[in-house]
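Undergrad: So that we are looking at the same thing, I have put the structure below in structure tokens.
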Amino acid sequence: MKTVKVNLKERSYKIAVGADLAKLGSAMSALGLGKKIMIVTNPKVGHWYLPPVEQSLKKAGFSVYCTVIPDGERYKSQESANNIYAKCLQYGLDRGGTILALGGGVIGDLAGFAAATFMRGINLVQVPTTLLAQVDSSVGGKVGINLPDGKNMVGAFYQPKLVYADLKTLRTLPSKEFAHGLAEVIKYGIIYDTSLFTYLEKNMGKLKKLDEAVLQKVISRCCAIKAEVVTLDEKEHNLRAILNFGHTIGHALEGITRYQKYKHGEAVALGMVGAVKIAESLELVDSSVGDRLRALLTKAGLPVVIKNIKISWANFLRFMQHDKKVLAGKIRFVLPVRIGQVKIVDTVPLPIIKEIVKSLSK
Ligand code: NAD
Ligand code: GLY
């Protein structure tokens, strides 16, 4: 196991990468939290991992309760949060109580939102079970729910007390879902770490086969990058925005297809390809960056061209302009200057964005 620390003064916490669910109870005992724990999970994840988690927590002396939310992005909603509050009230969780998110990013964001808001905030522990959640969503404290008109529109920055990632949970994750997480992994290489990118180019095959040593190395490096960025800029005033590389076009693609055609990781993959093309057209990078990115995304099983959808530019622009990252009407892009370094650009001319988005379609 490797421990990565997120240093945020009194809100500091550890990310345990390669931990063992059977030892979760003792890891949580060490945090000195209250005795009541509400696990939030979904039927799929619960089927595999609720028994060992409950057993470990009970063995450590905790009183354990559970809210099971149906699987799917559309349940990252106020209604689901209300169900969690109701269960917390029913079982008498007070401010010493803990909500434990057992699942992927949907469960993590939702349970985190409930923890941030129930009684103005109770303890939160993240037990991520998808690659995307282990490298990204469980770390850094962004929690939230969707509104009918927009994803992640209501939320908070609310740090967990612990992130506990058992890499063995990835063995039951469908390979398509694993690939979605790989988009965020590749993102870290481009924005922050040349050697991570090169390592991925050499080891993508082993990573997809869940080679333990490779998984451990890659996931802990991604967590360390995110921890460093969040430590320097927790509330996204400046640096943290680099984590949104690929998300400007990605979010708009998710939006125009009503979150039906692309999962988040696929949309981010296409968004990264688009962002690199914009950087090329502004002469910020040479074409080798785009070539290497597309080759790696393809190896990962991710899309690099948009197929079978007709994009209305007006609609696409509307979604880009409504993104939370838009400030004073300016569409913000994170653009690479080389592999391992990006810059934030608010002044990309609209005709260039339009041309690049068009060029992504086949
Ligand atoms: P997800 O939570 O929907 O999980 C994907 C699928 O895998 C689901 O069907 C789930 O039930 C299943 N699953 C989860 N773990 C499993 C396991 N170990 N074995 C078998 N099946 C398993 O999707 P995701 O990709 O993990 O997360 C996407 C969400 O994360 C989106 O809502 C996105 O907005 C959010 N997100 C948040 C942040 C953040 O910083 N908070 C960052 C990135 C993404
Ligand atoms: N996933 C982007 C962030 O946490 O800031």
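The values are calculated or read from the model by the stated rules, or taken from the named source; none is laboratory data. What you are looking at is a predicted structure, and each value in this text was computed from that prediction instead of being measured. For neighbour counting, all protein chains shown are included, and Cβ atoms are generated from backbone atoms with ideal geometry for every residue, glycine included.
Undergrad: Any idea which of (1) within 16 Å of ligand 2 (Cβ to nearest atom); (2) farther than 23 Å from TYR164 by Cα is the one TYR91 doesn't satisfy?
TA: Against the list (1) within 16 Å of ligand 2 (Cβ to nearest atom); (2) farther than 23 Å from TYR164 by Cα, TYR91 comes up short only on (1).
Undergrad: Is it the case that LYS310 is more than 14 Å from ligand 2 (Cβ to nearest atom) and not in a helix (DSSP H, G or I)?
TA: When the stated conditions are applied, LYS310 passes them.
Undergrad: Can you tell me how many residues in the stretch 191-246 are outside any helix (DSSP H, G or I) and touching a strand residue (DSSP E or B) at 6+ places or on another chain (Cβ under 9 Å)?
TA: 6
Undergrad: Please work out which residue is surrounded by the fewest Cβ atoms within 10 Å (Cβ to Cβ), limiting yourself to the stretch 6-34 and to residues that are free of Cβ contacts under 8 Å to residues at least 60 places away in the same chain and in a loop (DSSP other than H, G, I, E, B).
TA: GLY32
Undergrad: Tell me which of these ALA179 doesn't satisfy, since it passes every other one: (1) in contact with a Gly (Cβ under 6 Å, 6 or more places away or on another chain); (2) within 14 Å of ligand 1 (Cβ to nearest atom); (3) closer than 26 Å to VAL345 by Cβ.
TA: ALA179 satisfies all of (1) in contact with a Gly (Cβ under 6 Å, 6 or more places away or on another chain); (2) within 14 Å of ligand 1 (Cβ to nearest atom); (3) closer than 26 Å to VAL345 by Cβ except (3).
Undergrad: Within the group LEU243, LEU253, LEU232, LEU239, which residue is within 13 Å of ligand 2 (Cβ to nearest atom) and buried (at least 23 other Cβ atoms within 10 Å of the Cβ)?
TA: After applying the criteria, what remains is LEU243.
Undergrad: Let me ask you something else. Report, ordered by the first and then the second residue, all pairs with beta carbons closer than 6 Å, sequence separation of six or more or different chains, a first member in the stretch 119-135 that is surrounded by fewer than 24 Cβ atoms within 10 Å (Cβ to Cβ), and a second member that is not aliphatic (A, V, I, L, M).
TA: MET119/ARG95; ILE122/ARG95; ILE122/GLY97; ASN123/THR98; ASN123/LYS161
Undergrad: Is there any pair linking a residue in the stretch 280-308 that is more than 19 Å from TYR192 (Cβ to Cβ) to one that is of a type in the set (D, E, K, R) and part of a loop (DSSP other than H, G, I, E, B), with Cβ under 7 Å and at least six apart or on different chains, and which?
TA: What qualifies is VAL305/LYS362; ILE306/LYS362; LYS307/LYS362.
Undergrad: In the stretch 143-158, what count of residues is obtained for those that are over 15 Å from GLY72 (Cα atoms), at pLDDT 95 or above and surrounded by fewer than 24 Cβ atoms within 10 Å (Cβ to Cβ)?
TA: Residues flagged as over 15 Å from GLY72 (Cα atoms), at pLDDT 95 or above and surrounded by fewer than 24 Cβ atoms within 10 Å (Cβ to Cβ) within the stretch 143-158 amount to 5.
Undergrad: So, one more: Can you tell me which residue among VAL40, VAL45, VAL17, VAL64 is β-branched (Val, Ile, Thr), at pLDDT 95 or above and more than 20 Å from the chain's Cα centre (by Cα)?
TA: Every option except VAL64 fails the conditions.
Undergrad: I'd like the full set of residues that are in contact (Cβ under 8 Å) with a residue 12 or more places away in the chain and surrounded by fewer than 20 Cβ atoms within 10 Å (Cβ to Cβ), limited to the stretch 66-86. So that I can check it myself, show each step before the final result.
TA: Just the residues of the stretch 66-86 that are in contact (Cβ under 8 Å) with a residue 12 or more places away in the chain, to begin with: 66-78, 80-81, 83-85.
The answer is CYS66, VAL68, PRO70, ASP71, GLY72, GLU73, ARG74, TYR75, SER77, GLN78, ASN83, TYR85.
Undergrad: Also, quick follow-up: Return a yes/no flag: does the stretch 104-120 have any residue that is β-branched (Val, Ile, Thr), within 30 Å of LEU207 (Cα to Cα) and touching a Gly at 6+ places or on another chain (Cβ under 9 Å).
TA: yes
Undergrad: Residues THR298, THR231: which one is more than 16 Å from ligand 1 (Cβ to nearest atom) and of a type in the set (Ser, Thr, Tyr)? Walk me through it before giving the result.
TA: Details: THR231 fails: more than 16 Å from ligand 1 (Cβ to nearest atom).
Within the list THR298, THR231, the selection yields THR298.
Undergrad: While we're here: Can we say VAL106 is within 19 Å of the chain's Cα centre (by Cα), within 16 Å of ligand 2 (Cβ to nearest atom) and of a type in the set (Val, Ile, Thr)?
TA: It is true that VAL106 is within 19 Å of the chain's Cα centre (by Cα), within 16 Å of ligand 2 (Cβ to nearest atom) and of a type in the set (Val, Ile, Thr).
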